[in-house]
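Student: One structure, as structure tokens, below. Some questions next.
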Amino acid sequence: MARMVRGGLIQARNPINDEGAGVEKIKAAALERHLPFIEQAAKKGVQILCLQEIFNGPYFCPAQTPFWYDMAEEVPGPTTEKLAAYAKKHQMVIVVPVYEREMAGVYYNTAAVLDADGKYLGKYRKNHIPQTSGFWEKYYFKPGNLGYPVFQTRYAKLGVYICYDRHFPEGARALGLGGAEIVVNPSATVAGLSQYLWKLEQPAHAVANGYFIGAINRVGTEGPWNIGKFYGHSYWCDPRGQTLAEGSEEEDELVVADLDLSLIDEVRKTWQFFRDRRPDSYGILTESR
């Protein structure tokens, strides 16, 4: 018997990148850019909606300046409170990726999960932090310390993985073992070396773990850094690794797909990967190398 959930992903350009505008104006402009898409999602009957990585500002990690520390906020905090009202109004689960301030000098790349009644369910903190040309994330983020939580929402069991995490199969497996039926991966990734992996790794995670994945990417370029073009192509894929819906390369848009969660049982009856795992032989995976 089908068990349908309608999922939505928002990919969008960031409107203001200029430090001179100030943090509050930058955040307000980004939120305003997203609100019409949230309303559009509600009209289309979206039940689970995910925004892009650090959705309420630019991807500032090409810089290494203290100004951007002021973008960080508490989670739960002001942005999650604003979006909780929309979650409640539209009976919609919303995943809200923001820059989190735990205390002075302690910051995380975080995604909050709001249930369909607006209740804050918890948060995921990005575990794998890159440090490479144009992606100086260790300057801004501590590695996550909350593991790989799975959230029981009104509509489905939901896991979150953020951007660079997608290159690591261990956390993707942990989410599957935790019972995730849907995993979302809000990202900020540009054309270049890893672009071909965008449609390779995440469908592979979906197949290996028997769940649905929603992969979100920005669009456009962001000055003054101009590290490359955010190439969009946000998409949903099913537990067979098949693409259900995909966004364009250029446009701000909402990507919607109907997810039949009953397919999870069907796929796992065919591919018994969880049954045939050999955790007794995986000790090397937890050793430092």
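The values are calculated or read from the model by the stated rules, or taken from the named source; none is laboratory data. Computed from a predicted structure; not experimentally measured. Virtual Cβ from ideal backbone geometry, glycine too; neighbours counted across all protein chains shown.
Student: Yes or no: segment 32-45 includes at least one residue that is exposed (fewer than 14 other Cβ atoms within 10 Å of the Cβ) and either touching a helix residue (DSSP H, G or I) at 6+ places or on another chain (Cβ under 7 Å) or farther than 18 Å from G8 by Cβ (or both).
Tutor: Yes, that holds for at least one residue.
Student: State the number of residues belonging to segment 58-106 that are closer than 24 Å to V183 by Cβ and under 18 Å from the mean Cα position of the chain (by Cα).
Tutor: The qualifying residues number 18.
Student: Scan segment 1-37 for residues that are under 16 Å from I216 (Cα atoms) and either in a loop (DSSP other than H, G, I, E, B) or under 16 Å from the mean Cα position of the chain (by Cα) (or both) and jot them down.
Tutor: Correct list: G7, G8, L9, I10, Q11, A12, R13, N14, H34.
Student: Just give me the residues in segment 152-197 being over 30 Å from G105 (Cβ atoms), in contact (Cβ under 8 Å) with a residue 24 or more places away in the chain and among the aliphatic types (A, V, I, L, M), in sequence order.
Tutor: Listed by number, the residues that qualify are A156, L158, A172, L177, A180, I182, V183, A191, L197.
Student: Quick one: which of Q47, Q52, Q64 is of a type outside the set (D, E) and over 23 Å from N127 (Cβ atoms)?
Tutor: Q47
Student: When you look at A112, is it in contact with a helix residue (DSSP H, G or I) (Cβ under 6 Å, 6 or more places away or on another chain) and assigned to a strand (DSSP E or B), yes or no? It would help to see each step written out before you state the result.
Tutor: Working: in contact with a helix residue (DSSP H, G or I) (Cβ under 6 Å, 6 or more places away or on another chain): yes; assigned to a strand (DSSP E or B): yes.
Answer is yes for this residue.
Student: A follow-up question, please. Can you report the number of residues in segment 19-57 which are touching a residue at least 40 places away in the same chain (Cβ under 8 Å) and more than 15 Å from E253 (Cβ to Cβ)?
Tutor: Counting residues in segment 19-57 that are touching a residue at least 40 places away in the same chain (Cβ under 8 Å) and more than 15 Å from E253 (Cβ to Cβ) gives 12.
Student: Output the residue which, of all residues in segment 123-144 that are over 14 Å from the mean Cα position of the chain (by Cα) and outside any loop (DSSP other than H, G, I, E, B), is nearest to F67 (Cα to Cα).
Tutor: Across segment 123-144, the extreme among qualifying residues is Y139.
Student: Name the single residue, out of those in segment 210-238 being among the hydroxyl-bearing types (S, T, Y) and not in a loop (DSSP other than H, G, I, E, B), that is nearest to V255 (Cα to Cα).
Tutor: Y235
Student: Something else about it: Evaluate segment 186-200: report whether one residue or more is under 20 Å from A257 (Cβ atoms), out of contact with any Lys or Arg (no Cβ under 8 Å at 6 or more places or on another chain) and of a type in the set (A, V, I, L, M).
Tutor: Among the residues of segment 186-200, at least one is under 20 Å from A257 (Cβ atoms), out of contact with any Lys or Arg (no Cβ under 8 Å at 6 or more places or on another chain) and of a type in the set (A, V, I, L, M), which makes the answer yes.
Student: Next up: Counting only residues that are among the aliphatic types (A, V, I, L, M) and closer than 16 Å to F273 by Cβ, which one in segment 170-194 is farthest from the chain's Cα centre (by Cα)?
Tutor: L177
Student: Which of (1) touching a residue at least 60 places away in the same chain (Cβ under 8 Å); (2) in contact with a helix residue (DSSP H, G or I) (Cβ under 9 Å, 6 or more places away or on another chain) does P149 not meet, given it meets every other one?
Tutor: P149 satisfies every listed condition except (1).
Student: Of everything in segment 57-90 that's β-branched (V, I, T) and not in a helix (DSSP H, G or I), which residue is modelled with the highest pLDDT? So that I can check it myself, show each step before the final result.
Tutor: Restricting attention to segment 57-90, the residues satisfying the condition of being β-branched (V, I, T) are 65, 75, 79-80.
Checking which are not in a helix (DSSP H, G or I) leaves us with 65, 75.
Values: T65: 95, V75: 98.
Looking at residues that are β-branched (V, I, T) and not in a helix (DSSP H, G or I), I get V75.
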